[in-house]
Amino acid sequence: MNKLLLIIVAASFIFFLNKNKFSHYQAAGPFLAPKQVVLEIPKKLMAPPSFQIMATHSYELTAMIMSKSRYWLDGPSKLSPVDFVLAWGPLTKKNYLSKINYSQWGRWYYFNYRESEDFMINEEDITSNSANTHIIPDFSKPFLKKQILNFKEGQVVRLIGYLVTVTREGETLWESSTVRTDTGAGACEVFYVTGAY
């Protein structure tokens, strides 16, 4: 009985946190899907020693940060100090914000939701209108990292830059997804951000 009570309390607490972090949201959604254009010639971008970053697509979007996870100790943290779960489209409608719970763990992201009569969203809708995004701040703009790290959950942001492939000493470390409908390993967007607003 005590274990069941603990589960109920924990679930209620998570729901409260998810609802509370969007309580200040006033902007009118939904926002459009990301804009992506393939580069005819891949572009080499500034990177730390031993890494190579090649842009394959230009990429920009206005989205809401549904979850944020900071990294310090894993290998990619030298490149990407933070992951954002970004959402757009129907997921950013004000009356939907408290109905989906987003979480992150180990560079992955997860969601769960409760079906109801006033919530006409399914798993495919969530998958195609959100993305776990590894953020790489432009290394030629030292101020940008701090700016991006100051963004908060529930905030609407505009980000521009490139989807990229990252290699280290000839081995592929990350290769960005270039579609919004994939799931599982390799489905994350690897986003080299050159502008954040």
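Structure summary
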quantity	calculated
Inter-residue pairs, beta-carbon under 9 Å, first at pLDDT below 90 and in the range 83-97, second part of a helix (DSSP H, G or I) and crowded, with 22+ Cβ neighbours inside 10 Å, 6+ apart	Leu97/Leu91
Residue match in the range 131-139 (condition: over 21 Å from Lys93 (Cβ atoms) and among the hydroxyl-bearing types (Ser, Thr, Tyr))	no
Extreme residue, nearest to Glu40 (Cα to Cα), among residues of the range 118-141 that are part of a loop (DSSP other than H, G, I, E, B) and of a type outside the set (Phe, Trp, Tyr)	Asp138
The one condition in (1) in a loop (DSSP other than H, G, I, E, B); (2) modelled with pLDDT of 95 or more; (3) touching a Ser or Thr at 6+ places or on another chain (Cβ under 9 Å) that Thr181 fails to fulfil	(2)
The one condition in (1) within 22 Å of Trp72 (Cα to Cα); (2) exposed (fewer than 13 other Cβ atoms within 10 Å of the Cβ); (3) touching a residue at least 40 places away in the same chain (Cβ under 8 Å) that Gln147 fails to fulfil	(2)
Candidate set from the range 97-117 (those that are of a type outside the set (Gly, Ala, Ser) and in a helix (DSSP H, G or I)); member that is surrounded by the fewest Cβ atoms within 10 Å (Cβ to Cβ)	Lys99
Matching entry among Leu144, Leu159 (being of a type in the set (A, V, I, L, M) and part of a helix (DSSP H, G or I))	Leu144
Count of residues meeting criterion [aliphatic (A, V, I, L, M) and in a strand (DSSP E or B)] in the range 184-197	3
Residue, modelled with the lowest pLDDT, within the range 39-70, restricted to residues that are in contact with a Phe, Trp or Tyr (Cβ under 8 Å, 6 or more places away or on another chain) and outside any strand (DSSP E or B)	Pro48
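The values are calculated or read from the model by the stated rules, or taken from the named source; none is laboratory data. As the structure is a computational prediction, the values presented were derived from the model and not from experiment. Using ideal geometry, Cβ is built from the backbone for each residue, glycine included, and neighbour counts are taken over all protein chains shown.
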